[in-house]
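Q: I'd like to ask some things about the structure below.
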Amino acid sequence: MAPEALSLIVGDEELLVDRAVGEVVAAARAVDAETEVVDLGAGGLEPGRLAELTSPSLFGGAKVIVLRAAQDLGKDLSAEVLKYAKNPADDVYLVAVHHGGAKGKAFADGLAKAGARKIACPKVTKAGERIDFIRNEIRRAGGKIFPDAARTLLDAVGNDLRELAGACSQLVADTGGRVDDASVARYYQGRAEVSGFTVADKAVEGNLGEALEQLRWALATGVPPVLIVSALAQGVRGLAKVGGAPRGARAAGLAKELGMPPWKIERVQRQLRGWSGDGVARAMTAVTEADAAVKGGAADPAYALERTVSTIVAARNAR
């Protein structure tokens, strides 16, 4: 099925914009494999150029015209494009990319009024939105990811959507589609953030065997002990902060007060099951002692960390 004659892409998330343009091109080429693509960058449209590009060709063939930075079109060029939009040419697909916002809004509104299909590609700025992006990417690639693994992947790779998309595709291809915390850790073992926080998560959740395994692996791959202690400290402090909040309080309402994103609060709320106030206090003491031992040049940092992890797990399980 051919795409709409007019498409309006609104937003400045580059990966999503490029995908939206690519989908229009793919749909056009599914109808006519010889479809020509004319990609006009900012300032690439001159007076009379659109009429030239959309006029019938002696050789025939479909054409996709991508008009970038449409919000920067001057008054005359905007009027020229909107006039064309009222009666678009056959076998020509016009794709206007508008960054959104007030600049050039009249042009975007006019194109929408002319019947353009609107595709939203807003900037992905919040951690929760990036988690949703990861889950959708994994699903798009034919796999499934567990919530904790999605957060671990975000911690590991960072906020760049292109890197996240590449990581999701690779994980699905290499794991057969079932992506969990262990597979993320396995593929991103060089990332100190994943290593340290994975150890901390396993410890506060009471998984001694897994916590020690991740700890040894992290140390073997060169993660500095001080970073692991820092991650353990953050994990225990998170328990103290969320544990001190009113019972039944929703994560969204606590986010500003605690200085933590809602998804992290929800994760800590799950981790708190099985913990008592005394247990958290004992774990905090253990982390403080580990910090002093590691920074003070303990003879065997690995042993100090193993002892700390064991103490945290024991503190959680104490009744």
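The values are calculated or read from the model by the stated rules, or taken from the named source; none is laboratory data. None of the values given here were measured: they were computed from a predicted structure. Note that each Cβ is placed from the backbone with ideal geometry, even for glycine, and that neighbours are counted across all protein chains shown.
Q: Might you let me know whether segment 187-194 holds any residue that is under 26 Å from G128 (Cα atoms) and touching a Phe, Trp or Tyr at 6+ places or on another chain (Cβ under 9 Å)?
A: yes
Q: To continue, here is another question. Restricting to segment 89-133, what's the tally of residues that are of a type in the set (G, A, S), surrounded by 15 or more Cβ atoms within 10 Å (Cβ to Cβ) and at positive phi?
A: Residues in segment 89-133 being of a type in the set (G, A, S), surrounded by 15 or more Cβ atoms within 10 Å (Cβ to Cβ) and at positive phi: 2 in total.
The rows are residues; the columns are (1) in contact with a Phe, Trp or Tyr (Cβ under 8 Å, 6 or more places away or on another chain); (2) in the same structural domain as L15 (by TED's automatic domain parsing); (3) over 20 Å from E266 (Cβ atoms).
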| position | (1), (2), (3) |
| --- | --- |
| A116 | no, yes, yes |
| N136 | no, no, no |
| R139 | no, no, yes |
| K144 | no, no, no |
| T152 | yes, no, no |
| V157 | yes, no, yes |
| D160 | no, no, yes |
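Q: Out of curiosity, is K241 at pLDDT below 85, in a helix (DSSP H, G or I) and surrounded by fewer than 18 Cβ atoms within 10 Å (Cβ to Cβ)?
A: Criteria not met by K241.
Q: Can you find, within segment 134-176, the residue that is surrounded by the most Cβ atoms within 10 Å (Cβ to Cβ) among those that are at pLDDT 90 or above and part of a loop (DSSP other than H, G, I, E, B)?
A: Selected residue: G143.
Q: With (1) among the hydrophobic types (A, V, I, L, M, F, W, C); (2) surrounded by 19 or more Cβ atoms within 10 Å (Cβ to Cβ); (3) modelled with pLDDT of 85 or more as the list, and V194 as the residue in question, which single condition is left unmet?
A: Condition (3) is where V194 drops out.
Q: Among (1) in a helix (DSSP H, G or I); (2) out of contact with any Ser or Thr (no Cβ under 8 Å at 6 or more places or on another chain); (3) small (G, A, S), where does G110 come up short?
A: G110 satisfies every listed condition except (2).
Results for (1) touching a residue at least 24 places away in the same chain (Cβ under 8 Å); (2) buried (at least 17 other Cβ atoms within 10 Å of the Cβ); (3) basic (K, R); (4) not assigned by TED's automatic domain parsing to the domain that holds V236, shown as yes or no for each residue.
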site	(1), (2), (3), (4)
L254	no, yes, no, no
L258	no, yes, no, no
W263	yes, yes, no, no
R273	no, no, yes, no
D278	yes, no, no, no
A286	yes, yes, no, no
A293	no, yes, no, no
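Q: Looking only at strands (runs of 3 or more DSSP E) that fall completely inside segment 1-72, which ones have 1 or more residues that are crowded, with 18+ Cβ neighbours inside 10 Å and touching a helix residue (DSSP H, G or I) at 6+ places or on another chain (Cβ under 7 Å)?
A: 6-10, 63-67
Q: Search segment 54-75 for residues being of a type in the set (A, V, I, L, M, F, W, C) and in contact with a strand residue (DSSP E or B) (Cβ under 6 Å, 6 or more places away or on another chain), and hand back the single one that is farthest from A2 (Cα to Cα).
A: A70
Q: G206 is checked against (1) in contact (Cβ under 8 Å) with a residue 24 or more places away in the chain; (2) part of a helix (DSSP H, G or I) and fails just one. What number does that condition carry?
A: Here G206 clears every test but (2).
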